[in-house]
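The values are calculated or read from the model by the stated rules, or taken from the named source; none is laboratory data. Keep in mind that what you see is a predicted model, and the values were worked out from it rather than measured. Glycine also receives a Cβ, built like all others from the backbone with ideal geometry; neighbour counts cover every protein chain displayed. Note: areas computed on protein heavy atoms with side chains; ligands, DNA, RNA excluded. Shrake-Rupley method; radii C 1.70, N 1.55, O 1.52, S 1.80 Å.
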Amino acid sequence: MTGPLAHVRVLDLSRVLAGPWAGQMLADLGAEVIKVERPGAGDDTRGWGPPFLKDEAGNDTAEAAYYLSANRGKRSVTIDFTQPQGQELVRKLAADADVVIENFKVGGLKKYGLDYASLKAVNPSLVYCSITGFGQDGPYAHRAGYDFMIQGMGGLMSLTGAPDGAPGAEPMKVGVAITDIFTGMYATSAILAALSYKERTGEGQHIDMALLDVQVATLANQAMNYLAGGMVPKRLGNAHPNIVPYQAFQTADGYIILAVGNDGQFARFCAVAGQPELAQDARYATNRARVQNRDELVPQIAELIRACPSAFWLESLEAAGVPCGPINTLDQVFADPQVIHRGLKVSVPHPTAGHVDLVASPMKFSATPVAYDRAPPTLGQDTDAVLQGLGLAADEVERLRQAGIV
């Protein structure tokens, strides 16, 4: 391993998305990430298909696409830590780890002796990251939390979807589990900060990450619109609460996004649209005025844009320096020349499928580039190697396997 975290070992006890996403980011950064899974079953997402990865003959493997999205770069070890022998194996792994990631219910690992206090006793410098729906304390701490629920409870769905009165109007979730992903990213940042503190002081610590906390924190300008302005933001469809025009518009043959960010860009848009006088109108000359007069301006822009095909607008507005773009389907995304140039699809050797195409990390380093040399592991792929690395003989590992411990 050659990444910036090649000196770091991570024990990943998490499953589904938020925790595994953090583990995958650390693996991308070069850390050795050991994923502990249930014998015979593994991470829940292994079965969340179809689709499943195909082998070279076109047959389904056991690897669901969902699982593949969050587990590259890791090693998989199967251990049943509901049993005392399994608990001891996990404690041995934790004793030699820098980081533990877990997303069990509050207190769920204490009965196995795998909670922070128990593992700190064997490894005082351990950075232990717990990810839950609502955090380690508070009136909801005992509840299970799922991304969809948290998008609703944390306010995101109240901001997403067509406005009241429009066709199909209802609160809408984001099309990917964005709260889980953001929680994984925040957890990664917190782990890196805790590792920096550990390197200076030798002290580990417990990180308490909650999906609800993250969802509220990532409301960003919308939260501040409420806190500063006192008005509860409402759903605006694809429109922006603070910038106009900044939304999707229908063209003669499809849709484009028009993302005007300042008054100069608006003037250039009006010139391209053949209506330069709009930019001189006091009702529309500044962004503040355009936001205040949104209901009058947007229908005029919509009528102008419907008159010409998407290609005209994309070419003309790009040439004029007005931000705009298409609304791509995923096949169009991965065929886009910029996406291809940036290498956002990578092919990695896979033990049962021959190879697997994965989405690349967006992190690009000049000195320590991300290495794509380890596909998401098959269930228990590394059990023997990791346990023998703890000092267990091959016959001991086999006895544990026969007993259902690994």
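General observations
- Label-point separation in nm, Q292 to T2, each point 7 Å along Cα→Cβ: 5.9 nm
- Most positive-pole-ward Cα, T201, G175, I34, against dipole of the chain from beta carbon charges: T201
- Solvent-accessible area of E398 with every protein chain in place, 1.4 Å probe, in Å² to the nearest 10: 80 Å²
- Principal-axis analysis of the Cα atoms of the chain puts helix 220-229 at an angle of about 60° to the longest axis.
- When the helices of the chain are scored as -39500 (n - 2.57) per DSSP H run of n ≥ 4 and the total is divided over every residue, the value at 222 nm lands at -10500 deg cm²/dmol.
- When the Cα positions of A64, A94, V272 are compared along the charge dipole of the chain, A94 comes out farthest toward the positive end, with charges on each C-beta of Lys, Arg, Asp and Glu.
- Gyration tensor (alpha-carbon) shape descriptor, region 15-154, a/c threshold 1.5: oblate
- Ranked packing of 160-169, 264-273, 284-293, 125-134, most packed first, by mean Cβ within 10 Å: 125-134, 264-273, 284-293, 160-169
- Two-site label geometry, I340 and M224: point separation in nm, points 7 Å out along Cα→Cβ: 4.0 nm
- Cubic angstrom per residue, convex hull over Cα atoms of region 81-233: 136 Å³
- Qualifying aspartates and glutamates (Cα of each under 17 Å from Cα of K110; at least 8 residues distant if same chain): D12, D80, E88, E102, D137, D208
- Rounded FRET efficiency, nearest 0.05, which uses the C-beta distance separating M231 from K110 and R0 of 51 Å: 0.70
- Taking a sphere under 13 Å around the Cβ of E396 and counting the other residues whose Cβ falls inside, with K and R at +1 and D and E at -1, yields a net charge of -1.
- Note on D96 and D373: the model spin-label points, each 7 Å out from Cα along the C-beta direction, lie 2.0 nm apart.
- Sites D55 and V176, calculated FRET efficiency, Cβ-Cβ separation with R0 35 Å, nearest 0.05: 0.85
- Taking the DSSP beta bridges with both ends in the chain, the antiparallel portion is around 40 percent.
- Highest mobility in the GNM of the chain, judged by mean-square fluctuation with C-alpha springs under 10 Å and restricted to K364, K173, K92, is found for K364.
- Treating r as the C-beta distance of D44 and R283 and R0 as 56 Å, the FRET efficiency rounds to 0.55.
- In this structure, the pairs whose alpha-carbon distance is over 25 Å, taken from K74/K111; K173/K234; K92/K198; K92/K345; K35/K105, are K74/K111; K92/K345.
- For region 56-109, a crude dipole built from +1 on the beta carbon of Lys and Arg and -1 on the beta carbon of Asp and Glu, taken about the Cα centre, is about 200 debye to the nearest 20.
- Which of V397, L236, L344, positive extreme of dipole for the chain (C-beta unit charges): L236
- Overall form of region 211-318: prolate. Here a/c, set by the Cα gyration tensor axes a ≥ b ≥ c, is 1.5 or more, and a/b is the larger of a/b and b/c.
- Rounded if a/c under 1.5, otherwise prolate or oblate - region 1-95, Cα gyration tensor axes: oblate
- Using θ = phi - 60° in the Karplus curve 6.51 cos²θ - 1.76 cosθ + 1.60, the 3J(HN,Hα) couplings for region 149-164 round to 4, 6, 4, x, 5, x, x, 4, 5, 5, 9, 10, x, 5, x, 3 Hz; x is entered for Gly and Pro.
- Gain in span if fully extended, L330 to I257, counting 0.36 nm per residue against the direct Cα distance: 24.6 nm
- Proximity of backbone amide H atoms, modeled 1.01 Å from N, is registered between I207 and Y128, C129, S130 at under 5 Å, excluding neighbours fewer than 5 places apart on the same chain.
- Carbon and sulfur %, accessible surface of the chain computed with the full protein complex present, 1.4 Å: 55 percent
- Accessible solvent surface per residue of region 105-222, calculated while the other protein chains remain in place, 1.4 angstrom probe, Å²: 49 Å²
- When E318, E277 are compared by accessible surface with a 1.4 Å probe, the order from highest to lowest is E318, E277.
- Charged-residue dipole, Cβ positions (Lys, Arg, Asp, Glu), region 1-137 about Cα centre, Debye nearest 20: 300 debye
- Values of log10 I(q)/I(0) for the chain across q = 0.06, 0.09, 0.14 Å⁻¹ run -0.33, -0.68, -1.26, by the Debye formula with one identical scatterer at each alpha carbon and no solvent.
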